[in-house]
Amino acid sequence: MIMQRSIAGILLAAGAGSRLGQPKATVEFGGEPLARRGVGLLRAGGAGPIVVVTGAVAVDMPGVLIVHNPHWRDGMGSSLAAGLATVPDSCDAAVVALVDQPLVGPEAVRRLISAYRAGASVVVAAYDGAPRNPVLLPRECWPEVTALAVGDAGARPFLRAHPELVTLIECGDTGSPDDVDTREDLARVRREASVRSKESS
């Protein structure tokens, strides 16, 4: 029997949240900080070990690998590079999620991992056909992903350079990729979470 190697989870949680007024990792949402919620999302979706990339504020969570990105002010690209560099050698791929998208559901992570296990290479969650997050990146792509991840671009330049590698997996029924960038965004996403909770109960 061939043992399946691990697929890590990477949570990018380094930003200062200047428009929000506080680091996004520390924002309370549903009774817990967004960083803890993001770790729970990746873990519930089947990713592990989990790497949390910090920057503007320290995050203390048991059972995760925390890496501080000293260049976090340069943008998301440097945090993605720091996260990929921290993933243990035992992992073949990593699912990358953003701390400011609290309505992404664990089922999205599960679908990406399932598609990868079934033979896909790079796997991207889509919502109504539009590619968003999370994104699964196989290890063989990490050097080029890191080389192209400049400023706030993250994995996007790599994905655009290699559309032939990308498998889009529809996840619109699993949650929402709405970002929390401002206080207005936070209020709207909290309302949306409340509606979703009532609909599912």
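Looking only at region 160-190, filter to residues that are among the hydrophobic types (A, V, I, L, M, F, W, C) and free of Cβ contacts under 8 Å to residues at least 40 places away in the same chain; which one of those is farthest from Pro106 (Cα to Cα)? Walk me through it before giving the result.
Keep residues of region 160-190 that are among the hydrophobic types (A, V, I, L, M, F, W, C), which gives 161, 165-166, 168-169, 171, 180, 186-187, 189.
Okay, now just the ones that are also free of Cβ contacts under 8 Å to residues at least 40 places away in the same chain, so 161, 187.
On the way: Ala161: 28, Ala187: 22 Å.
Per the stated criteria, the residue is Ala161.
None of Gly30, Gly21, Gly46, Gly15 is crowded, with 20+ Cβ neighbours inside 10 Å, of a type outside the set (A, V, I, L, M, F, W, C) and touching a helix residue (DSSP H, G or I) at 6+ places or on another chain (Cβ under 8 Å) except Gly15. Screening Ala115, Ala108 for residues that are over 13 Å from the mean Cα position of the chain (by Cα), part of a helix (DSSP H, G or I), hydrophobic (A, V, I, L, M, F, W, C) and under 30 Å from Val195 (Cβ atoms) leaves exactly one candidate, Ala115. For region 191-198, the condition of being surrounded by fewer than 16 Cβ atoms within 10 Å (Cβ to Cβ), in a loop (DSSP other than H, G, I, E, B) and touching a residue at least 24 places away in the same chain (Cβ under 8 Å) holds for none of the residues.
The numbered conditions (1) surrounded by fewer than 23 Cβ atoms within 10 Å (Cβ to Cβ); (2) in contact (Cβ under 8 Å) with a residue 60 or more places away in the chain; (3) over 30 Å from Ser200 (Cβ atoms); (4) touching a helix residue (DSSP H, G or I) at 6+ places or on another chain (Cβ under 9 Å) are all true for Asp74 except (4).
Throughout, read-outs are computed from the coordinates displayed, never taken from laboratory work. Remember, predicted model here, so these are calculated numbers, not experimental data. Cβ atoms come from the backbone with ideal geometry, glycine included; neighbour counts cover every protein chain shown.
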